[in-house]
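Peer 1: Once you've had a glance at the structure underneath, I'll fire off some questions.
The values are calculated or read from the model by the stated rules, or taken from the named source; none is laboratory data. Just so it is clear, the model here is predicted, and its values are computed rather than measured. Note that each Cβ is placed from the backbone with ideal geometry, even for glycine, and that neighbours are counted across all protein chains shown.
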Number of protein chains: 2
Amino acid sequence: MRHATGSPARTLAEVGEFALIAAITDGLPAGDAVIIGPGDDAAALDLGSPVLTSIDLLVEGVHFRRDWSDAQSVGRKAVAVNVADIEAMGGTARAIVVGFSAPGDLAADWALEFAAGLREEAAYAGVSLVGGDLTRSTRDIAIAVTVLGSAAGPVVRRSGAGAGNVVALIGRTGWAAAGLTVLGRGFRSPRAAVDAYRVPEVPYGAGAVAAAAGATAMIDVSDGLLADLGHLADASGVVIDLRRDAFEIPEPLQVVSAATGIDPYALVLTGGEDHALAATFPAGAVIPAEWRVIGTVREASGSDEANRSDEANRSDEANGDSGSDGSVESDESVGESGPRVLVDGTPWEGATGWDHFRPGQRGSR
Amino acid sequence: MRHATGSPARTLAEVGEFALIAAITDGLPAGDAVIIGPGDDAAALDLGSPVLTSIDLLVEGVHFRRDWSDAQSVGRKAVAVNVADIEAMGGTARAIVVGFSAPGDLAADWALEFAAGLREEAAYAGVSLVGGDLTRSTRDIAIAVTVLGSAAGPVVRRSGAGAGNVVALIGRTGWAAAGLTVLGRGFRSPRAAVDAYRVPEVPYGAGAVAAAAGATAMIDVSDGLLADLGHLADASGVVIDLRRDAFEIPEPLQVVSAATGIDPYALVLTGGEDHALAATFPAGAVIPAEWRVIGTVREASGSDEANRSDEANRSDEANGDSGSDGSVESDESVGESGPRVLVDGTPWEGATGWDHFRPGQRGSR
C-alpha cells in the first residue's frame, strides 16, 4: 500500500480513496460506546436511550474559505458545531460519522490535515469517529458531520421556558463574528477573534450540567444570541428580556469595534457561530458554575400563546444550525404580536451590518 | 408565513430556509423510535442497543445529474443507499437525518420534489426523517444522509465468512450500470434499467432475515458484486468462488448488451449501485426465501490468512459505500497472494469498460 503522506503536492486522486481512509482511520481511538468502528457497512454503538442525533453541513465558500481557515481548523470546527447541538439537549456526544467530498485535484495534505483536526477535536470533545464516506465532488469541498449522543438525565428542549425563569449563558458570543469581520476586511488580527471564528470554543459538558441543574429550555447559540433566544422564546411561547449590563465587551471585541465602527453590543448580541449555550432555569434555581445570568423570561400575550405550538412545530429549523450567516435578521425574534426577545425591555434595533461573504438565506415570515 | 409551493420559477433564496423546512417537515410521520423529531437542536430516538449508523454523500455531477434524474428520484436514492448499509449489518433502519446544500438560485420546486422523494422512500423503508440541515452552497448540490438503525438479533459483519460457507445474493445487480450506460450514450431506454439507476430497489427487510437465518457475513453491493465480495473476502480472509451459471441475464440487460456490445456478465458481476445484499451462510443452513445461492467460500492460502486482519482494518472503506463509480477495478478483489473472488474457479477478466461520467477514484495498493 502506498502511504498517503508522501509529497505535499500529491492530490486526492493520486493518493486514492482507500489509502486516504487508511491514513485517517489508522490507530483511531474508540470510546466505550463503540461496538463496531470504521470498516464495515455501518458502525454499531451502545448509547442507551434516548439516542440524540443531529447533522450539520459545512460547505466551502459558505461556511469556510480555504484562504481564511487552515484545514485542521475546518476539521475541528466541523466536530465542534455538531457536538454543540447535543450539548444543547442536555446530552453527551459520543460518536460522529463524517462525510467528506472534494475535487480530485485537492492536495491530499489538505484532507489529511482536515482529518487530523477532526480527530483532535473529537478527542477533546470525548467523541469517537466511527465511520464516514469519502467521495469526489466536481468543485466544492462539502463536509457533513452527524453526531450521536446519549443523555443520562432529562433531555432539555427549546420549548420548556416559563414566565419567571432566569436566562443564563455559558460560552462566548460575538467573538466569531468579530473574527469574520476582520477576515472580511483583509486582516488577520486580533488573533483571538480570528481563532474564535476558525474554531469555536464550545463549552463541552456544560449542557449535561445544566440539564442536571434543572434547565427548563436550552439552545445552541449558532445564529446569534437574539436569533436563537428568539427560537427558544417562540418554541416556549414566552418573551425574553435581556439585561444589556449583563454583557461585558471582551478586549478583542473592543479592538474590532474601534477599528470598524461596529457597535460591540451588535457583535455580542447578534454575532453567530460561537456555539455558546443559552438556557432558562426556574427562579431560585442554583445556576451552575460559569453560567452567567443575562435576563428573565416573561409571559407572552394571549395571541402569542395561541400561536405557540404551531410555530414551534413548523417554523424552526429541522435541527442543527441553519448555515448561519453571522448576523441576525430582526424578524427572527419577532412573534406575530411583537418581539420575542427584548434588551432592557425594548426591541433591539442596533446595527448588525458588518461585512460578510455569506448572504443570508432566511425565509420571511 | 409564505408558502413554499408558489410559482415554479421561485428559487431557494426567494422561498427561504424556514419556509422550505416548514414545507418539508409539515405533517411528517414519526415512527415508534422517535421521541423528539425535527425542530430542536437534535432529535431524540429510542433504538435499544446496538445503534447502527452510516453516512453517505450524494454530490451533483458525481452521484447524480439533474438531466438524468428527477429530483424525486434523487431523494428516493439518497434514502435507499443509506438504508442498504443498515440492512447489510442485519439491522433495521429506523431514522434518518438529512443535510442538503444547494445554490440559492436552484428552483425551490427541485428541493421540494427532492424532499417528497425522501419522504416517499423513507415511508417505504419504514424510517422516520427526524432532522436535517439546509444550507446554501456556491455551486453544487450536495446531499448527506445519515441513517440510524437497530438490531433485534446478531449484527452481521463482513469478517465472519468461513470456508465451506455458501454465498447468496438478494436483489438485482447490473441493472443500475445498464441504466447508466444508456444514459451516458444519450438514451432513455430500456426504461427499467434507467429507473433502476435512478432509484435502486433495495431488498428492505432482507438483512434482518438473513441475520436471523444465521448469515456469517454480509455486505451491501454498492461498488459491484466482485468488488464488494472482494471486500468481504478480504475482511474474512477467505476466497469466494462464484458460479457463472447462477446468474441469469434479465431482459433489460440483454437489450443493453445487444445495443452496446458490453458483456452482460460484466454488468451483472461488476455493475454497482443496485444495492443488492450478498451474504454467506453455513453449509446446510436454510437459505431464506428469495436469496439465490451464487457460490461458495474457500479457504485462503496461508500467506493470505496472515495478511487478513491488517487488510481488514486498514484497507476497507470507513463505512458506507465508496462513492462508487459503477465499475469494478480488478485489484479490488485481488489479495496479495492472488484473487479473492473467482468466477468458475478463475479470476474474472471480462470487459468492464462502459462509458461513465465518473472517473474512478480508487487507491492503488
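Peer 1: Do we have A:Arg66 as more than 10 Å from every other protein chain (Cβ to nearest Cβ) and among the basic types (Lys, Arg) here?
Peer 2: yes
Peer 1: Something else about it: So which of B:Ala144, B:Ala125, B:Ala176 ends up being within 15 Å of the chain's Cα centre (by Cα) and assigned by TED's automatic domain parsing to the domain that holds B:Val255?
Peer 2: Going through B:Ala144, B:Ala125, B:Ala176 in turn, the sole match is B:Ala176.
Peer 1: Restricted to segment B:58-75, and to residues that are assigned to a helix (DSSP H, G or I) and among the aliphatic types (A, V, I, L, M), which residue is farthest from B:Tyr197 (Cα to Cα)?
Peer 2: For segment B:58-75, the residue satisfying everything is B:Ala71.
Peer 1: From the list B:Gly61, B:Gly48, which residue is more than 28 Å from B:Ala177 (Cβ to Cβ) and facing another protein chain (nearest Cβ under 10 Å)?
Peer 2: Of B:Gly61, B:Gly48, the one residue that is more than 28 Å from B:Ala177 (Cβ to Cβ) and facing another protein chain (nearest Cβ under 10 Å) is B:Gly48.
Peer 1: Consider A:Glu17 carefully, then state whether it is acidic (Asp, Glu) and at pLDDT below 95.
Peer 2: yes
Peer 1: For segment A:87-106, does any single residue satisfy the condition of being at pLDDT 95 or above and assigned to a helix (DSSP H, G or I)?
Peer 2: yes
Peer 1: Of everything in segment B:223-247, what is under 20 Å from B:Glu290 (Cα atoms) and surrounded by fewer than 24 Cβ atoms within 10 Å (Cβ to Cβ)? Give them in sequence order.
Peer 2: Within segment B:223-247, B:Leu242, B:Arg243, B:Arg244, B:Asp245, B:Ala246, B:Phe247 qualify.
Results for (1) within 11 Å of chain A (Cβ to nearest Cβ); (2) within 28 Å of B:Gly153 (Cα to Cα); (3) aliphatic (A, V, I, L, M), shown as yes or no for each residue.
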| site | (1), (2), (3) |
| --- | --- |
| B:Asp85 | yes, yes, no |
| B:Ala88 | yes, yes, yes |
| B:Ala93 | yes, yes, yes |
| B:Val98 | yes, yes, yes |
| B:Gly104 | yes, no, no |
| B:Arg119 | no, yes, no |
| B:Gly126 | no, yes, no |
| B:Asp133 | yes, no, no |
| B:Arg136 | yes, no, no |
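Peer 1: Just for segment A:180-222: of the residues that are buried (at least 19 other Cβ atoms within 10 Å of the Cβ) and free of Cβ contacts under 8 Å to residues at least 60 places away in the same chain, which one is farthest from A:Asp85 (Cα to Cα)?
Peer 2: Filtering first and then ranking leaves A:Val194.
Peer 1: From the list A:Gly207, A:Gly230, pick out the single residue that is over 26 Å from A:Ser69 (Cα atoms), touching a Gly at 6+ places or on another chain (Cβ under 6 Å) and in the same structural domain as A:Phe281 (by TED's automatic domain parsing).
Peer 2: A:Gly207
Peer 1: Here is a follow-up. Pick from B:Ala78, B:Ala115, B:Ala111: which is part of a helix (DSSP H, G or I), of a type in the set (Gly, Ala, Ser), surrounded by fewer than 24 Cβ atoms within 10 Å (Cβ to Cβ) and within 14 Å of chain A (Cβ to nearest Cβ)?
Peer 2: From the options B:Ala78, B:Ala115, B:Ala111, the qualifying one is B:Ala111.
Peer 1: Hey, another quick one. Quick one: A:Ile35 ticks every box in (1) at the interface with chain B (Cβ under 7 Å from one of its Cβ atoms); (2) surrounded by 22 or more Cβ atoms within 10 Å (Cβ to Cβ) except a single one, so which number is it?
Peer 2: Status for A:Ile35: all satisfied but (2).
Peer 1: Separate question: Which residues, counting only those in segment A:138-177, are under 30 Å from A:Leu106 (Cα atoms) and at the interface with chain B (Cβ under 7 Å from one of its Cβ atoms)?
Peer 2: A:Thr138, A:Arg139, A:Asp140, A:Ala142, A:Ala144, A:Thr146, A:Leu148
Peer 1: Something else about it: With B:Pro282, B:Pro250 as the choices, which residue is more than 24 Å from B:Pro347 (Cβ to Cβ), touching a residue at least 60 places away in the same chain (Cβ under 8 Å) and either over 23 Å from the mean Cα position of the chain (by Cα) or buried (at least 24 other Cβ atoms within 10 Å of the Cβ) (or both)?
Peer 2: Sole residue among the options that is more than 24 Å from B:Pro347 (Cβ to Cβ), touching a residue at least 60 places away in the same chain (Cβ under 8 Å) and either over 23 Å from the mean Cα position of the chain (by Cα) or buried (at least 24 other Cβ atoms within 10 Å of the Cβ) (or both): B:Pro282.
Peer 1: Counting only residues that are among the β-branched types (Val, Ile, Thr), give me the strands (runs of 3 or more DSSP E) lying completely in segment B:120-186 with at least 3 of them.
Peer 2: Filter on segment B:120-186 gives B:142-150, B:166-170.
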